[in-house]
1. Mind listing whichever residues of region 118-149 are at pLDDT below 90 and of a type in the set (A, V, I, L, M)?
2. Looking at THR64, is it more than 21 Å from ASP130 (Cα to Cα), out of contact with any Asp or Glu (no Cβ under 8 Å at 6 or more places or on another chain), in contact (Cβ under 8 Å) with a residue 40 or more places away in the chain and not aromatic (Phe, Trp, Tyr)?
3. Look at region 172-190 and say how many of its residues are assigned to a strand (DSSP E or B) and over 26 Å from ASN32 (Cβ atoms).
4. Mind checking whether some residue in region 47-60 is at pLDDT below 90, farther than 19 Å from PRO35 by Cβ and in the same structural domain as PRO35 (by TED's automatic domain parsing)?
5. Within the set of pairs 6 or more residues apart or between chains, which connect a residue that is closer than 12 Å to SER72 by Cα inside region 100-111 to a residue that is among the acidic types (Asp, Glu) with Cβ atoms less than 9 Å apart?
6. Give me a count of the residues in region 135-161 that are loosely packed, with under 14 Cβ neighbours inside 10 Å and of a type in the set (A, V, I, L, M, F, W, C).
7. Find the residue count for region 21-46, including only residues that are loosely packed, with under 15 Cβ neighbours inside 10 Å and either outside the structural domain of LEU94 (by TED's automatic domain parsing) or in a strand (DSSP E or B) (or both).
8. Write out, first by first residue and then by second, each pair whose Cβ atoms fall under 8 Å of each other, whose residues are 6+ apart or on separate chains, and whose first residue, in region 115-133, is among the β-branched types (Val, Ile, Thr) while the second is at pLDDT 80 or above and part of a helix (DSSP H, G or I).
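The values are calculated or read from the model by the stated rules, or taken from the named source; none is laboratory data. The shown structure was predicted, so the numbers you read here are calculated from the model rather than taken from an experiment. Methodologically, a virtual Cβ is constructed for each residue, glycine included, from the backbone with ideal geometry; neighbour enumeration extends over all protein chains shown.
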Amino acid sequence: MVRILIFSLLIFIMHPVLSQTKVVSGEFTTFNRFPVKNLKVMAKKSKASALTDSLGQFYLVCKTQDVIKIESEIFSPVSIRVGKNENHIGRRNLIFINNPVNRQLATGYGYISESDLTYAISHLDYENNDFCNYNNIYDLLTGRFAGVTIETSGGRRGVYIRGINSFNLSSEALYVVDNVIMESIDHILPCDVKSIDVIKDGGAAIYGSRGANGVVIIHRKW
């Protein structure tokens, strides 16, 4: 009976501590397609670490609202805060820092095969971006361009560029997708985007009065 009471007491004491940790999974790729293997992934609070497998996947013991980081100088730094009720961070694309030394390290550490890296480098402008990490085109715009805001009017979202005073009826930016002017960009998926630019002031003059509110120029991968 005494042993049972002691065991029960230990469980009672340890439960809050155990409940503060959880196993979080995720996946890392680079060039939006190739899994990053043998990459060290760390949790800031729990101090735990793990290596990604052949599919770029990992499982890591984290504390509540922990921060996941990677240990590699050949990719742009990544810090991912784990939500209180989050157990899977999904697929995250790492930006490869392209130079001769990093190309040797990438294959030397086994992050990516030499053939895949050679192919990816030749398509660098198309694939070495983090666009797929955004949920929609509006998150992409506000996440990468300062001064861009998204507002809802008449049941639809629109892009507005801070610092432009419009004399038109609408102050919404002009959208040009694959060289075609469009009324909306709701249908554009971040992963399909090859490049995106926000232009205002003199650069938008070629679009005449329609570009007075700024121009969002999007090119897709096809």
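1. Across region 118-149, the qualifying residues are ALA120, ILE121, LEU124, LEU140, LEU141, ALA146, VAL148.
2. yes
3. Going through region 172-190 one residue at a time, the tally reaches 2.
4. No, every residue in region 47-60 fails to be at pLDDT below 90, farther than 19 Å from PRO35 by Cβ and in the same structural domain as PRO35 (by TED's automatic domain parsing).
5. Pairs found: ASN102/GLU73; LEU105/GLU73; ALA106/GLU114.
6. The qualifying residues number 1.
7. Within region 21-46, residues that are loosely packed, with under 15 Cβ neighbours inside 10 Å and either outside the structural domain of LEU94 (by TED's automatic domain parsing) or in a strand (DSSP E or B) (or both) number 3.
8. If the second residue must be at pLDDT 80 or above and part of a helix (DSSP H, G or I), the pairs left are ILE121/ARG103.
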